[in-house]
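Heads up, the thing below is written out as structure tokens.
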Amino acid sequence: MSWGETLATGWHAIRAHSMRSLLTVLGILIGIAAVILTVGLGLGTQKDVSAQISSLGSNLLIVSPGSTTSSAGIRGGFGSSTTLTTSDASALTSKTAAPDVEAVAAEKSSSESLVNGDTNWTSTVVGTTPSWLDVRSRTVAQGRFLTAADETDRTTNIVLGSETATELFGSPRAVGRTLTINDVTFTVVGVLESAGSSSSDNLDDTAVVPMSTMQNTIVGGTTRTAVSTIYVKAVGTDEISAAYQETQQLLLNLHGITDADNADFTVSSQDALVSTATSVYRTLTVLLTGIAALSLLVGGIGVMNIMLVSVTERTREIGLRKALGAPPVAIRRQFLTEASVLGLGGGLVGAALGIAAAKLLPSVLDSSIVVSPTAVVGSIVIAVGIGLVFGVYPAVRAARLAPIDALRSE
Amino acid sequence: MTATLAGPATWTTPAAPPVIDLRAGRKTYTTGSITFEALRGVDVRIERGEYVAIMGPSGSGKSTLMNVLGCLDVLTSGTYRLAGHDVGDLDEVELAQIRNEEIGFVFQQFHLLPSLASWRNVELPLMYRGVARNERRDRAAAALERVGLGDRLDNRPGELSGGQQQRVAVARALVGEPALILADEPTGNLDTASTEDVLALFDELHEAGRTIVLITHEPEVAERARRVVRVRDGLIQGDGPASALHDDRGYLHHDGAVPAPGAPSTTLRTDDTQELR
């Protein structure tokens, strides 16, 4: 009996009980679709996070106030303390103290209401210096960016992100228009090129003003010299760790701290951010895939169950086939084939369902799903494998039936 | 039918071995501490072309004998040669092959696969022999033609009458050109008309030179055979022409035992009441 005929016989037997076969396959189908979706979701999120972090700019170090270490008791919350100042930022521009640092941009940000007539839009207003554009790897789509003159003169010029401009003025072409923040009128001098958005941080919804203006006009108060973040751009990718050392050392010296463990700031690199984020998402993906795989296991047990029922139900058929000269191997193969065809069916339909869901869900979920061909092919192979593995026991039982007993069973 | 008999001359020479040659056949079943001797030294020899009925009541060992003759079971001791093959030393796989090539089974319950069209049922033995699909279909069609069902190739068993189903089963037994057609109570599930139908078919096959062994407990069926082997208590009780089933007054005896002349005729014996249970 050739493989083709065995396959045809298997298919025939499955079709003869189509409802039962469908229900059996359902378990595997759901498992496969779940595996493809979770792997896809994990990969998609990883991609999103990497893209988001990369969009911060290349060769970038990020200095945040506060510390994540808590060796000396509870420290001020990471990112919310005011230990970094504009003088820290200007010190880092020194070519002698930090030769591997190419450019520095301090950011002082605050959430503010931007008003254009009746239109009111809350956005992150960033006070920074002209170097920001280069350090953050942004480009201006229209108009110009802030200049040194804007900084020294504390002008009320503002550069908007494309989305902010659209929200306020109905189109990104907003140069020359005016808006008010805290009753101070600002003139739009430029609009930034879109940098894409991600779920956690919208790079296109922002408004950039001169640091001096930010400190004196928008925020004010005693913490006016404090900054939220200092972005440090290294000379090149190879110099990033040297730049890291220099930044760390210089700031420790400036803050009069000897022990790096007690630092009141945190320097992190994109690489570190990417790898942290990636590892978090990888763990999540593994976890979710594990749960999905469990459902595959349950599906496999379903296949075994139905195959055992099938063997019992078809004892007389088995007896007859044996009497007619089917060797045990042919019977075994017949049932194994049936089980694998069930697995394959579940795998194919499950994969189709998974891929379809991966195409449809992102529009609802606001998170991209990357269908990995490896996951698709792999899960179909696994589905067939599950059919095979869980088919072995029923198939062996069928092959072992003695023909006389099998023929006499009712 | 003739397609597969490649060298027919050698088959018909007197030198051909008997189809069935069973000597001192014993079969013992052990269940726990209880042993049961189903066959207690049976000798049967059936030549090519014979039409033999094996008769006996329930528990006589006739089913065991049928299983042994059909290579579905092996002897505990003794030798069994089927068409010259010594079956005693064969393993499960070789037994399957012998069954496939040398025996055509006909069962009481027909044992047709309900989801398959009749020609697909008939081709099954050829499938396990590795015959190509086209040839299988042709031969299955020829076999169905032979049993008078040439127009029922694509009907499923459920669409056929009992007699027709049994004829499909006979076609399946014929299709592989086996040395022996072994029919186990082939008319047990049939009404009178269908019984006659199937028995007529066996007569025809016998005329055509087939070797047929029919296991039955019905004397009406057994008398159609040319020779009757009577089994009782695991032993051959009698072996002779079918006419011996009738006593001197012309009565047909259910167990084939012919009462001594002058003894009261007992057409219904205790064994038969057991049979009816």
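The values are calculated or read from the model by the stated rules, or taken from the named source; none is laboratory data. Nothing here was measured: the structure is a model prediction, and the numbers come from that model. With ideal geometry, Cβ positions are generated from the backbone for all residues, glycine too; neighbour counts draw on all protein chains shown.
Looking at A:Leu336, A:Leu348, A:Leu360, which one is touching a residue at least 40 places away in the same chain (Cβ under 8 Å) and outside any loop (DSSP other than H, G, I, E, B)?
Only one candidate qualifies: A:Leu336.
Tally time: how many residues in the range A:316-355 are among the acidic types (Asp, Glu) and within 11 Å of chain B (Cβ to nearest Cβ)?
Count: 1.
Do any helices (runs of 4 or more DSSP H) entirely within the range A:106-169 hold 1 or more residues that are under 29 Å from the mean Cα position of the chain (by Cα) and more than 18 Å from A:Tyr231 (Cα to Cα), and if so, which?
A:162-169
Among the residues that make up the range B:97-106, is at least one of them under 13 Å from the mean Cα position of the chain (by Cα), within 14 Å of chain A (Cβ to nearest Cβ) and without any contact (Cβ under 8 Å) to a residue 40 or more places away in the chain? Even if it seems obvious, please write down each step before you answer.
Quick first cut of the range B:97-106, residues under 13 Å from the mean Cα position of the chain (by Cα) only: B:99, B:102-106.
Still in the list and also within 14 Å of chain A (Cβ to nearest Cβ): B:99, B:102-106.
Keeping just the survivors that are without any contact (Cβ under 8 Å) to a residue 40 or more places away in the chain gives B:99.
Yes, that holds for at least one residue.
Where in the range B:115-159 are there helices (runs of 4 or more DSSP H), lying wholly inside it, with at least 2 residues that are at the interface with chain A (Cβ under 10 Å from one of its Cβ atoms) and of a type in the set (A, V, I, L, M)?
Fully inside the range B:115-159 and qualifying: B:124-127.
Just give me the residues in the range B:126-147 being crowded, with 16+ Cβ neighbours inside 10 Å and under 11 Å from B:Ala171 (Cα atoms), in sequence order.
B:Arg139, B:Ala140, B:Ala141, B:Ala142, B:Ala143, B:Leu144, B:Arg146, B:Val147, listed by residue number.
Only one of (1) modelled with pLDDT of 90 or more; (2) touching a strand residue (DSSP E or B) at 6+ places or on another chain (Cβ under 8 Å) is not met by A:Thr147, so which one is it?
Answer for A:Thr147: the failing condition is (2).
What single numbered condition from (1) part of a loop (DSSP other than H, G, I, E, B); (2) within 30 Å of A:Ala51 (Cα to Cα) fails to hold for A:Gly290?
With respect to (1) part of a loop (DSSP other than H, G, I, E, B); (2) within 30 Å of A:Ala51 (Cα to Cα), A:Gly290 is out only on (1).
Would you check if there is a residue in the range B:28-46 being crowded, with 21+ Cβ neighbours inside 10 Å, within 14 Å of chain A (Cβ to nearest Cβ) and under 15 Å from the mean Cα position of the chain (by Cα)?
No.
Please indicate, with yes or no, whether at least one residue in the range B:79-93 is facing chain A (nearest Cβ under 10 Å) and under 18 Å from the mean Cα position of the chain (by Cα).
The answer is no; no qualifying residue exists.
For the range B:179-192, check the following and say yes or no: at least one residue is outside any helix (DSSP H, G or I), of a type in the set (Val, Ile, Thr) and within 16 Å of the chain's Cα centre (by Cα). Don't jump to the end; show me each part of the working.
Let us first name the residues in the range B:179-192 that are outside any helix (DSSP H, G or I), namely B:179-191.
Next cut, of a type in the set (Val, Ile, Thr) only: B:181, B:187.
This time we only want the ones that are within 16 Å of the chain's Cα centre (by Cα), so: B:181, B:187.
Within the range B:179-192, one or more residues are outside any helix (DSSP H, G or I), of a type in the set (Val, Ile, Thr) and within 16 Å of the chain's Cα centre (by Cα).
What number of residues in the range B:111-125 are surrounded by fewer than 24 Cβ atoms within 10 Å (Cβ to Cβ) and polar (S, T, N, Q)?
Residues meeting the conditions: 1.
I want to confirm something. Restricting to the range A:363-379 and keeping residues that are of a type in the set (S, T, N, Q) and part of a helix (DSSP H, G or I), which single residue is nearest to A:Leu297 (Cα to Cα)?
For the range A:363-379, the residue satisfying everything is A:Ser379.
Given the structure, is A:Thr266 touching a residue at least 24 places away in the same chain (Cβ under 8 Å), within 14 Å of chain B (Cβ to nearest Cβ) and in contact with a Ser or Thr (Cβ under 6 Å, 6 or more places away or on another chain)?
no
Regarding the range A:298-315, can at least one residue be identified that is assigned to a helix (DSSP H, G or I), within 14 Å of chain B (Cβ to nearest Cβ) and either under 30 Å from A:Leu61 (Cβ atoms) or touching a residue at least 24 places away in the same chain (Cβ under 8 Å) (or both)?
Taking every residue of the range A:298-315 in turn, at least one turns out to be assigned to a helix (DSSP H, G or I), within 14 Å of chain B (Cβ to nearest Cβ) and either under 30 Å from A:Leu61 (Cβ atoms) or touching a residue at least 24 places away in the same chain (Cβ under 8 Å) (or both).
Determine if the range B:54-70 includes at least one residue that is within 14 Å of chain A (Cβ to nearest Cβ), part of a loop (DSSP other than H, G, I, E, B) and modelled with pLDDT of 90 or more.
For the range B:54-70, residues within 14 Å of chain A (Cβ to nearest Cβ), part of a loop (DSSP other than H, G, I, E, B) and modelled with pLDDT of 90 or more: present.
Mind counting the residues in the range A:106-140 that are touching an Asp or Glu at 6+ places or on another chain (Cβ under 8 Å) and surrounded by 17 or more Cβ atoms within 10 Å (Cβ to Cβ)?
12
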